[in-house]
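Accompanying notes for the structure given below.
The values are calculated or read from the model by the stated rules, or taken from the named source; none is laboratory data. Note that the structure is a prediction, hence the values are computed from the model and not measured. Note: ideal-geometry Cβ built from the backbone for every residue, glycine included; neighbour counts use all protein chains shown.
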Amino acid sequence: MLQIDSTKTLLNGIEMPRFGLGVYKMTDSKQAVEAMTTALRAGYRAIDTASFYNNEREVGEAIRESGMNRQDLFITSKVWNNDQGYDETLRAFEKSLQLMEVDYLDLYLTHWPKPDTYQDTYRAIERLYDEKLIRATGVSNHEQHHLETLFAKANVKPMVNQIEHHPYLTQVALREFCQSENMAVTAWSPLGRGRALEDPVIVKLAEKYRKTPAQIIIRWHLQNDTVVIPKSVTPSRIESNARVFDFELEQLDMHMIDTLNRDERTGNHPDTFPYDDPRYNR
Ligand SMILES: NC(=O)c1ccc[n+]([C@@H]2O[C@H](COP(=O)([O-])OP(=O)(O)OC[C@H]3O[C@@H](n4cnc5c(N)ncnc54)[C@H](OP(=O)(O)O)[C@@H]3O)[C@@H](O)[C@H]2O)c1
C-alpha cells in the first residue's frame, strides 16, 4: 500500500521517496523556507532543488529549522548548463554543498543534456558517487538517445531520469525505456504547472473521489510508478497535495487520464533547448 514515506528502490539499493516537494520558482527567501518547513512538517521527506533555482541556501535553512536528521531526508540538486563539464561540475557541486551547509546530497543530476558537455558532466557525477558525496546518480531531461550514449561509457548507470511528465505529456515511450533499464522516473511539472488542474476529465474525477484536481493527478503519478514532486508555496496546498494516500484511482479512471495526452510541453524539448539564450545563462 502506498504511503507518504513509500520509496522506490534505485539500481544500487538506495530508497528514494516516491513523493516530495519541488521548489522551482521559490525565489522569495522567507516564503521558500516557510514552504519547505511546512512540507517537512506535513510528512514530505524529499526536496527537489537545483543551482538554477537559486534557493539552495534556503533548502539548508529549512533542513536545519525542521530539526530533522539529515539522514531521514532525501535532497536532490542539479548542475546548471553553464556549469557543465568535468571540473566545472565538481566545482558546482561543492558550491551547492556549501550553500546548503550539508556534507552530501542524496541525488545529483545533470539538469539538461547540453550536447557538448553532458557526457563529461555525467563522468563527474560518477566521481562524486565513487567518493560517496552523493548516494545516487542521475540525469534530467535526457531522451533515450542521450541515455544510450551515457550507457556506452558509464561505470555506474544513471539511476534516475527526471523528465517533464503530466496528463498532457505522458511520455509513454521514454518511461517504458527507463523502466526497461531499471531507472526511476521523476515527473517534473507533475501538475502541468497548474494547467492540467482545470481539465474537465480531472475536475469530474475530483468530484467522483471527493478530492482536489491536484490530488487526482498526484495519485495518478503514484499509481503509474513515477516519483512525484509537486511544487507549491501555499501552505494549504502543500498539505492537501500530500493527502493522496487514502484513496485509489480505479483502472478505468487511470486510463481516462492516460488518454488526455497531447504531447504538450510547459518547458523546452531537450533536443531544442536554447542553450545560448542569455535568459538561461547565469
Ligand atoms: N528538471 C527540470 O528541468 C525541471 C523543470 C521544471 C520543474 N522541475 C521540478 O519539478 C517541480 C514541480 O514542477 P513545477 O514547479 O514546474 O510545476 P507543478 O508542480 O506542476 O505546478 C506548480 C504550480 O501549481 C500550483 N499548485 C500546486 N498545488 C496546487 C493545488 N493543490 N491547487 C492549485 N494549484 C496548485 C502552484 O501554485 P503555488 O505555488 O502558488 O501554490 C504552482 O503554480 C519544480 O518545482 C522543480 O523542483 C524540474
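Observations on the model:
- For the stretch 215-235, residues that are more than 7 Å from the ligand (Cβ to nearest atom), among the β-branched types (Val, Ile, Thr) and farther than 17 Å from ALA184 by Cβ total 2.
- Residues within the stretch 13-61 that are in contact with a helix residue (DSSP H, G or I) (Cβ under 6 Å, 6 or more places away or on another chain), away from the ligand (no atom under 14 Å from the Cβ) and among the small types (Gly, Ala, Ser), tallied: 2
- Leading residue by the ranking (surrounded by the most Cβ atoms within 10 Å (Cβ to Cβ)) among those in the stretch 171-218 that are under 11 Å from PRO230 (Cβ atoms) and among the small types (Gly, Ala, Ser): ALA187
- Qualifying residue in the stretch 197-214 (condition: within 15 Å of the chain's Cα centre (by Cα), at pLDDT 95 or above, near the ligand (Cβ under 9 Å from one of its atoms) and among the β-branched types (Val, Ile, Thr)): no
- Here the condition is being part of a loop (DSSP other than H, G, I, E, B) and either within 9 Å of the ligand (Cβ to nearest atom) or out of contact with any helix residue (DSSP H, G or I) (no Cβ under 7 Å at 6 or more places or on another chain) (or both); of GLY267, GLY194, it holds for GLY267 alone.
- When ALA173 is tested against (1) of a type outside the set (Val, Ile, Thr); (2) in contact with a Ser or Thr (Cβ under 7 Å, 6 or more places away or on another chain); (3) away from the ligand (no atom under 15 Å from the Cβ), just one condition goes unmet, and that condition is (2).
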